[in-house]
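The values are calculated or read from the model by the stated rules, or taken from the named source; none is laboratory data. Predicted model, so just to flag it, every value in this text is computed and none were measured. A quick note on method: Cβ atoms are made from the backbone with ideal geometry, for glycine too, and the neighbour counts reach across all protein chains shown. The area values use the complete protein model at the heavy-atom level, side chains included, leaving out ligands, DNA and RNA. Shrake-Rupley method; radii C 1.70, N 1.55, O 1.52, S 1.80 Å.
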Amino acid sequence: MSAAVLLPLRVVERNIVSYRRTWVILVSAMFEPIFFLYGLGVGLGRLVGDLDWQGDMITYAQFVAPGLIATSAMNGAIFDMTFNFYFKLKENRTFEAMLASPLSIAHVLDGEMAWAMIRGGFYSVTFMGVMYAFGLIASWWALLIPLAALLVGLMFAALGSFGTTFARNWQDFDILFLITQPLFLLSTTFFALEVYPTWLRPVVQATPLYHGVDLIRDLARGTVDSSAFGHVAYMVIATVIARRLVNKRLGKLLLQ
Amino acid sequence: MASKPVIAKDLSKAFGDFVAVDGISFEIEPGESFAMLGPNGAGKSSTMRMVSTVSPRTSGELQVLGGDPLADGSAIRSRLGVVAQEDNLDAALTLRENLMVYARYFGIGWKQAGRKADELLEFARLADRAKAPVMSLSGGMKRRLTIARALVNEPDMVLLDEPTTGLDPQARHLLWERLYQLKERGVTLLLTTHYMDEAEQLADRLVIMDQGQIVAEGSPASLIAQHVTREVLEVRYPADSTVDFQTLGLRNEPLADRTLVYTDDGEGTLAKLITDGHTPTSSLVRRASLEDVFLALTGRTLVE
Ligand SMILES: Nc1ncnc2c1ncn2[C@@H]1O[C@H](COP(=O)(O)OP(=O)(O)OP(=O)(O)O)[C@@H](O)[C@H]1O
Ligand SMILES: [Mg+2]
């Protein structure tokens, strides 16, 4: 294997070792989307009733569950690439120590992104199991959901770490989450795009999470069409650009 | 190893308009232990960071272990051990995990990494703490672990930025002993320090830096011989005294609380001062040290 793959894997290993003792934290986050699904799907679902998804009448649980896959992939990645990333970058100088070894900035970043993606993907896959058990999956297309979730995780790993490179202290994360929370709510996780006023729809469609949610919902419902290419393209391009920018930022911060 | 581990020519580092390292040139021989001395802000760490390939030079030439730090960073670092001025141990890991994970960064297999970790914990006298979290260590223990970690890849050269700052005397001596062992094994050492005795103990050769420049270079003994006398007489007088050493023909350095008189015969000079009627309130005769060299060169003390 080439260094570009092998060296980032050592960063992943480091994270596995570090989480070995705190695996409870990892696993407990798995239950969050399940509680959401129960509360929203069953509770709110009773009030909302069935809704129309591309011609099919589906329950609210069927609607919201795919959205929760995308958000759990996002949250898994974001957590590692914000608080943990900041700790390693500024507080603990973990990256500085790594850079005294053969690892370079790109290796460190790729390793961290891969780890965040794996973590986000892990939540998505376990949640998919729950969805299957509750009969919320309607198509063989759903087999592609883990791949889509990994892409969502990777994109938010890149975007999250980009924001983090600008944080000057822990308080700055309040600002960061002030930006990400509305994204979460605006993403069609909870309401279909048609619910929003016409002028707001392009805004929703421009946000990163929307593309993950819509793609995964199409895969879960079997309503895949050409829009899937657009979603994948958006996420790949966003990931590549953000990763490049983070790479630059880290160079500026760490290699003075 | 034929080539010199470090060759620096007119090496400079600027941060914006501020020049931290101002055209320094030096070479280190294989197996040599080379020290950089200088007051706060002299540019020691900036130089170390350029050598450790994590800080691009602004101008000049630099070769480390036969490579260019800008082009061959990863390959150079694989043969380097680095102890930064501030500890950067992995707070999420235990002592043993710190060493093992770090060994993995160098591509050492897990099994070998485990063996190496145990060996180095022994070396740092921290074996009984192997499973403790790093955060539970005292400052000195952290420093020892950091130095142990720099050795996981059996480096050809170790860079140590103030390795013993903050250590108690016992830990310092332990560390000197360990560094001496490394030197015996043929490892090249590049270290910075504020402690004269440390440089005299460890360094074959050293440079004294001040404001980004090298102001003197040589072995500890040759620097002392070159810039100061064999002995130093320290004398204290009451504040209102008017002893004029200059007219007495004595080379001296007035400090805030005492005066240093450079002489080859401290006792003789003291006796002469007393017979001349300039009896000091207190006096001390000692061997000249690098501290005196620095003072003579810059007019300032090293540790303020
Ligand atoms: N990243 C940086 N940005 C701006 N200035 C810097 C930076 N790093 C160092 N400097 C400045 O460069 C000068 C030299 O710093 P350096 O850390 O090399 O000194 P030093 O000799 O190691 O001092 P000390 O004994 O205190 O460790 C200082 O004036 C410092 O403020
Ligand atoms: Mg320094």
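Could you please find all residues in segment A:207-229 being polar (S, T, N, Q) and part of a loop (DSSP other than H, G, I, E, B)?
Those that are polar (S, T, N, Q) and part of a loop (DSSP other than H, G, I, E, B): A:THR207, A:THR223, A:SER226.
I need every pair where a residue in segment B:157-184 that is surrounded by fewer than 16 Cβ atoms within 10 Å (Cβ to Cβ) has its Cβ under 9 Å from the Cβ of a residue that is aromatic (Phe, Trp, Tyr), sequence separation at least 6 or different chains.
From residues that are surrounded by fewer than 16 Cβ atoms within 10 Å (Cβ to Cβ), the pairs are B:GLN181/B:PHE123.
Would you pick out the residues in segment B:86-103 that are more than 24 Å from the chain's Cα centre (by Cα) and either within 8 Å of chain A (Cβ to nearest Cβ) or within 16 Å of A:ASN84 (Cβ to Cβ) (or both)?
The answer is B:ASP90, B:ALA91, B:ALA92, B:LEU93, B:GLU97, B:MET100, B:VAL101, B:TYR102.
Just to verify a result, which residue in segment B:165-198, among those that are within 16 Å of ligand 2 (Cβ to nearest atom) and at pLDDT 90 or above, is farthest from the other protein chains (Cβ to nearest Cβ)?
Filtering segment B:165-198 for residues that are within 16 Å of ligand 2 (Cβ to nearest atom) and at pLDDT 90 or above, the one farthest from the other protein chains (Cβ to nearest Cβ) comes out as B:THR193.
Filter segment B:36-73 for residues that are in a helix (DSSP H, G or I) and within 16 Å of ligand 2 (Cβ to nearest atom); which is farthest from the other protein chains (Cβ to nearest Cβ)?
B:LYS44
Does B:GLY139 fit the bill of being assigned by TED's automatic domain parsing to the domain that holds B:ALA199, open to solvent by 60 Å² or more (accessible area, probe 1.4 Å) and among the small types (Gly, Ala, Ser)? Don't jump to the end; show me each part of the working.
Values: assigned by TED's automatic domain parsing to the domain that holds B:ALA199: yes; open to solvent by 60 Å² or more (accessible area, probe 1.4 Å): no; among the small types (Gly, Ala, Ser): yes.
No: the conditions fail for B:GLY139.
Quick check on my filter: what residues within segment A:18-35 are over 17 Å from the mean Cα position of the chain (by Cα) and within 14 Å of chain B (Cβ to nearest Cβ)?
Passing the criteria: A:SER18, A:TYR19, A:ARG20, A:ARG21, A:THR22, A:TRP23, A:ILE25.
Could you list, in sequence order, the residues of segment B:174-211 that are within 24 Å of B:LEU65 (Cβ to Cβ) and part of a loop (DSSP other than H, G, I, E, B)?
Listed by number, the residues that qualify are B:ARG185, B:GLY186, B:VAL187, B:ALA203, B:ASP204.
In this structure, does B:LEU248 turn out to be open to solvent by 30 Å² or more (accessible area, probe 1.4 Å), in contact (Cβ under 8 Å) with a residue 24 or more places away in the chain and not in a helix (DSSP H, G or I)?
yes
Would you check which residues across segment A:8-30 are farther than 27 Å from A:THR71 by Cβ and open to solvent by 20 Å² or more (accessible area, probe 1.4 Å) and list them?
Selection gives A:LEU9, A:ARG10, A:GLU13, A:ARG21.
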